[in-house]
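Peer 1: Below is one structure. I have some questions about it.
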Amino acid sequence: MTRAASRRPEPLDFICGLFIFIFDFTGASVAQLAEQVIRNDQVDGSNPFAGSIYLSPGAVMPEKTFNVDDVAEYLHIAAREIERLAREGEIPCARRGSRLEFRRREVDAWASRRIMNFSGGDLTSYHRVSSARNHDLNKSHAIIPEMMRVDYVDAAMTSKTQPSVIRDMVALAGRTGLLVYPEDLLESLVKREGLGSTAMTGGFAILHPQHHEPYMFEDSFIALGRTVQPVPFSSPDGQRTSIFFLLCCQDDRTHLHLLARICMMCLQTSLIMDLQLAADAQEMMNCMIATEEQIIRGL
């Protein structure tokens with residue numbers, strides 16, 4: 001994996017990066033572009049990575065947009081299906097004359113929600129095509145051993161509320177040695193939960209930042225926490241949550257692929273029950289590795 005510079009980008013760095021970004025967008029595959037993932041409708045200009053690019057006071061460059069073919073390539077969905085989704089108002093877009101225009105962060109937010117709401121067959125189908133594009137389907141290219149260590153697992157979190165869970169998961173992420181800006185991660189997680197809880201039916205939640213900033217982490221990784229007692233986390237089924245995944249990815253493609261895999265592992269196997277019954281962090285880590293192998297064999 002490519003490791004990001006462990007410092008916050010300076011304005012000059014960002015402007016130089018902007019020219020590289022524009023070049024990449026016109027000359028490279030959309031799959032190579034890394035930007036924010038989760039939706040942020042309110043652009044206040046306070047952060048150059050939060051929606052608009054400040055080149056100078058009063059001069060704002062709007063964020064990059066996609067056309068139908070870009071979105072189809074990016075999401076592994078046929079262009080004809082993208083047009084249908086747009087026509088029926090299911091995917092956020094704007095019409096510019098005869099052309100459909102899609103904002104990158106809105107597409108990413110929609111895709112994240114869509115993956116988390118997939119049924120079994122749809123989830124397997126999406127994961128198969130995203131795996132083929134990003135990771136080999138054989139065992140040697142499994143994600144979990146690459147992105148997790150037993151040190152990234154806390155089997156006895158004492159959190160009792162949603163805010164304390166988020167703080168404790170950020171603290172756990174800090175212990176990986178890969179988190180560069182814990183305050184930024186905490187703020188982004190709080191904002192993401194404000195858009196809607198990441199808790200899912202079955203007693204688990206998949207926390208992730210509102211935006212995926214490469215500067216925030218030295219590398220992509222997964223942290224896993226289990227609370228001593230289940231915590232109210234606004235789950236769709238009204239039940240409490242005890243298993244918490246934290247996905248910290250440097251780019252949106254890695255995030256969407258990893259989100260799909262974790263969802264499959266949680267929804268199509270006994271992983272959550274196994275994690276709840278595991279004796280310690282090492283056993284929880286073993287459950288993750290074994291479950292991923294099970295999922296890969298079925299692809």
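Values quoted throughout were computed directly from the atomic coordinates according to the rules given, and no laboratory measurement underlies them. Everything quoted here is computed from the prediction, not taken from an experiment. Note: ideal-geometry Cβ built from the backbone for every residue, glycine included; neighbour counts use all protein chains shown.
Peer 1: Charges only on Cβ, +1 for Lys and Arg, -1 for Asp and Glu: so what's the dipole of segment 113-297 about the Cα centre, in debye to the nearest 20? Write out the running numbers ahead of the final one.
Peer 2: On the way: 16 positive and 21 negative charges, 100 e Å.
It comes to approximately 480 debye.
Peer 1: Something else about it: Kindly give the semi-axes, whole Å and largest first, of the ellipsoid equivalent to segment 170-245, taking each as the square root of 5 times a Cα gyration tensor eigenvalue. Don't skip to the end; give the middle numbers.
Peer 2: Values: eigenvalues 107, 39, 16 Å².
Sorted largest first and rounded, they come to 23, 14, 9 Å.
Peer 1: Could you tell me how far the Cα centroid of segment 206-266 sits from the Cα centroid of segment 267-299, in Å?
Peer 2: 15
Peer 1: Continuing with the same structure: Assuming R0 = 22 Å, can you tell me the calculated FRET efficiency for the pair residue 190 and residue 240, based on Cβ-Cβ distance, to the nearest 0.05?
Peer 2: My answer for the efficiency is 0.65.
Peer 1: Could I ask something else about it? What is the log10 of I(q)/I(0) for segment 143-299, computed with the Debye formula using one identical point scatterer on each Cα and no solvent, at q = 0.09, 0.10, 0.13, 0.20 Å⁻¹?
Peer 2: Normalising to I(0) and taking log10 leaves -0.24, -0.30, -0.53, -1.40.
Peer 1: Estimate the FRET efficiency between residue 175 and residue 73 by the formula 1/(1 + (r/R0)^6), using the beta-carbon distance for r and 25 Å for R0, to the nearest 0.05. Numbers along the way, then the final one.
Peer 2: Working: r = 37 Å, r/R0 = 1.50.
Once rounded, the FRET efficiency stands at 0.10.
Peer 1: Sticking with this structure for a sec: Given a Förster distance of 35 angstrom, what is the FRET efficiency for residue 94 paired with residue 268, based on the Cβ-Cβ distance and rounded to 0.05? It would help to have the intermediate numbers written out before the result.
Peer 2: On the way: r = 36 Å, r/R0 = 1.03.
E(calc), rounded to 0.05, equals 0.45.
Peer 1: DSSP beta bridges in segment 113-297, what fraction antiparallel, as a percent rounded to 5?
Peer 2: Working: 10 of 17 bridges.
Of those bridges, close to 60 percent are antiparallel.
Peer 1: Between residue 241 and residues 5 or more places away or on another chain, which pairs have amide H atoms under 5 Å apart, with H built 1.01 Å from N, and which residues are they?
Peer 2: Answer set, sorted by chain and number: 231, 233.
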